[in-house]
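These notes are about the structure you will find just below.
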Amino acid sequence: MTTPEPQPSSPPPSEPVFKDRVYRSPAGISGGVLVLALALWLGIDALVAGEGNTRWKALAALVFLVPLVAAYTVRPAVFANEDRMRVRNPFRVVVLPWAQVASFRSAYTNEVFSEGGGKYQLWSVPVSLRGRKKAARREDRRAAGGAGGGGGGARRGMFGGMGQLQLGSRTDGAGPAAVAADGPVRAQGDKTMDELRDLWEARKDAASSRGEVTVRWAYEIVVPVVAGAVALAVLFGVG
């Protein structure tokens, strides 16, 4: 009597993995890199050429400033996928499943509210009043161009195809309707908030979007900042 050979078990189906959309501030990162380069240049120069406790002060200043500047410029980011959004702010990381998001608000800052009443600022999605004014001016010009293109048919009948070369008119023959179909011109920060709202509204009722809000302090930033501040206070206190 022969015993049947055991059949290899099929691997359990893996859970779907969704790629994160990452939202960061290019202007903030650029400014932060420049400030960090300047701080490192001055700090290293003081470490090499300094005398007495100047070197210790320079070292403490670097320990204090480098993580602090990086926290407010390079570190902030928002990661969003089909199940949740993860907000990486200067000193905290907040994970909000879509089912726990109550609303978004855009005023002088961009914020997300949880169902439990928590409010979290989106540091990597800054509000640019200048960008909003610029977008409004572009929208006004586009609307005026679309309205002015209404008589393009008559002009083409009189001048042939030259009507297509007018400023503000569409060259595809769609006219003002296609201009309106493109949607209003929006500032980059407002576009990002629109994308987050759309993703939240589409996924907030999904079973995989349930869970609890978690908040984790960024001790890798907090500890050196506090240590550098204490060291600076002691060094300046003793002269």
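The values are calculated or read from the model by the stated rules, or taken from the named source; none is laboratory data. Remember, it's a predicted structure, so these values are computed and weren't measured experimentally. Cβ: placed from backbone, ideal geometry, glycine included. Neighbour counts: every protein chain shown. Accessible surface areas use protein heavy atoms only, side chains included; no ligands, DNA or RNA. Shrake-Rupley method; radii C 1.70, N 1.55, O 1.52, S 1.80 Å.
Couple of notes before you dig in:
- Of all residues in the range 88-120, those being touching a helix residue (DSSP H, G or I) at 6+ places or on another chain (Cβ under 7 Å) and in a strand (DSSP E or B) number 6.
- For beta carbons closer than 7 Å, sequence separation of 6+ or different chains, a first residue in the range 61-90 that is among the acidic types (D, E) and a second that is not in a helix (DSSP H, G or I), the qualifying pairs are E82/F18; D83/F18; D83/P97.
- Scan of the range 17-48 for residues that are part of a loop (DSSP other than H, G, I, E, B), open to solvent by 70 Å² or more (accessible area, probe 1.4 Å) and over 15 Å from V74 (Cα atoms), ordered by number: V17, F18, K19
- Pairing each residue of the range 114-142 that is under 20 Å from T192 (Cβ atoms) with any residue that is open to solvent by 70 Å² or more (accessible area, probe 1.4 Å) and modelled with pLDDT under 70, provided the two are 6+ apart or on different chains, yields C-beta distances under 6 Å for A135/R186; E139/P184.
- Remark: pairs (first residue in the range 179-201, in a helix (DSSP H, G or I) and at pLDDT 85 or above; second residue among the polar types (S, T, N, Q) and open to solvent by less than 60 Å² (accessible area, probe 1.4 Å); Cβ separation under 8 Å; 6+ apart in sequence or on different chains) = T192/N110; M193/S106; M193/N110.
- In the range 223-239 there is at least one residue that is at pLDDT below 90, assigned to a loop (DSSP other than H, G, I, E, B) and open to solvent by 30 Å² or more (accessible area, probe 1.4 Å).
- Qualifying residue in the range 96-113 (condition: at pLDDT 95 or above and open to solvent by 50 Å² or more (accessible area, probe 1.4 Å)): no
- Filter pass, V17 being at pLDDT 95 or above and more than 17 Å from the chain's Cα centre (by Cα): no
- Residue list for the range 51-87, restricted to those being buried (at least 21 other Cβ atoms within 10 Å of the Cβ) and outside any helix (DSSP H, G or I): R75, P76, V78, A80, R84, M85, V87
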